[in-house]
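What follows is a single structure, written as structure tokens, with notes after it.
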């Protein structure tokens with residue numbers, strides 16, 4: 001019987017300071033998240049300098065809490081996994097510095113983890129049967145990627161956004177219709193309560209030279225033009241209908257592109273990940289389509305869709321198993337590409 005492997009994971013790529021202890025890549029013993037959403041809401045979005053300062057305040061606290069809740073001590077930790085990119089450079093540096101300091105002081109191996117790889121790996125935590133290969137759609141505030149997961153740690157990006165990420169479009173449209181930040185959850189809640197997704201037809205963009213790529217800037221502009229047109233004509237805007245129609249346009253594009261890729265690559269497994277993956281309309285649309293196409297559909301719980309350290313621990317476990325250990329020269333790489341080291 002193989003020895004159990006315990007990973008202490010740290011995530012600080014944006015505005016969540018998080019730490020977790022994960023056993024064997026799939027069992028979460030603790031998952032502590034300190035969110036800064038309330039603070040950044042005052043500014044309508046994440047302010048990097050403020051985020052960095054808050055990470056410094058919270059990082060030791062969340063690490064200690066994660067260890068305490070897990071019932072493990074540092075002496076029982078086999079490796080420290082930390083997000084080192086992509087993300088905001090200041091916040092990333094806080095997490096990387098903390099992980100390196102612990103590694104230096106204890107001799108525990110250090111494992112640098114790609115943030116998107118973490119999101120993909122969140123699916124392994126609650127879906128014990130899921131193993132590569134499969135296709136995963138990663139949709140968040142900064143990323144819209146269609147990824148072929150060839151094996152643990154082996155990825156091929158077949159589609160990505162040419163401009164705005166899906167989550168970024170949600171935030172900008174939410175701000176334009178007066179909902180504020182963060183846009184995704186607020187639009188989702190408003191649409192769930194009221195709103196007709198067929199009230200207004202907004203465009204569904206296609207990229208000619210790659211059927212798997214996304215473009216959401218045109219959709220965002222179409223919403224802004226509609227709002228400006230209503231203002232110029234003195235017409236009342238039904239905010240719920242605008243939100244619902246916009247959301248439906250995003251969902252339609254994401255579902256069509258992803259299902260096209262699944263068919264073309266002949267997979268029978270599909271997963272979603274990232275903050276936008278917690279959107280109820282998107283999850284429902286994929287559930288219905290995958291059931292119709294006889295495709296196994298996997299998705300993390302909403303708490304594992306947003307930035308968290310448990311997903312970094314899951315990814316770090318498989319990197320550690322392959323011997324992908326980092327040295328103390330590990331640095332933050334804000335524009336790190338998936339598959340790069």
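Annotations for the structure displayed:
- The overall shape of the range 30-182 is oblate: from the C-alpha gyration tensor, with semi-axes ordered a ≥ b ≥ c, the ratio a/c is 1.5 or greater and a/b is no larger than b/c.
- At 0.890 mPa s and 25 °C, Stokes D of the range 118-201 from Kirkwood alpha-carbon radius, µm² per second: 165
- Cα long-axis angle, helix 166-176 against the chain (0 to 90 degrees, to the nearest 10): 50
- Arranged from fewest to most other beta-carbon atoms within 10 Å of their beta carbon, 89, 223, 46 become 89, 46, 223.
- Over the range 244-333, the ratio between the Cα radius of gyration and 2.2 N^0.38 Å evaluates to 1.36.
- Label-to-label distance, nm, for residues given as residue 204 and residue 53 (7 Å Cα→Cβ offset): 4.6
- The C-alpha atoms of the chain define a longest principal axis, and helix 115-126 lies at about 80 degrees to it.
- Legend: ranking of residues 170, 270 from fewest to most surrounding C-beta atoms inside 10 Å; resulting order 270, 170.
- Remark: spin-label model distance residue 196-residue 60 equals 5.9 nm, labels positioned 7 Å along the Cα→Cβ axis.
- Additional length obtainable on full extension of the chain from residue 104 to residue 325, 0.36 nm per residue less Cα span: 78.2 nm
- FRET efficiency for the pair residue 150 and residue 303, taken as 1/(1 + (r/R0)^6) with r the Cβ-Cβ distance and R0 = 22 Å, rounds to 0.20.
- Spacing of the two label points (7 Å from each Cα toward its C-beta) at residue 42 and residue 75, in nm: 4.4
- Between the helical axis of 239-264 and the longest alpha-carbon principal axis of the chain there is an angle of about 60 degrees.
- R0 of 45 Å, Cβ-Cβ distance residue 4-residue 217: FRET efficiency to nearest 0.05: 0.45
- Available extension along the chain between residue 337 and residue 68 is 93.5 nm, counting 0.36 nm per residue and deducting the alpha carbon span.
- Which of 41, 306, 161, 17 has the fewest Cβ neighbours within 10 Å, and the rest in rising order: 41, 161, 306, 17
- Within the range 133-300, percent of DSSP bridges classed antiparallel, to nearest 5: 60
- Inverse mean reciprocal Cα-Cα distance (Kirkwood Rh) of the range 162-209, Å: 12.0
We did not get these values from a lab; they are worked out from the coordinates using the rules stated. Remember, it's a predicted structure, so these values are computed and weren't measured experimentally. Cβ coordinates were reconstructed from backbone atoms using ideal geometry, including for glycine residues, and neighbour counts include every protein chain displayed.
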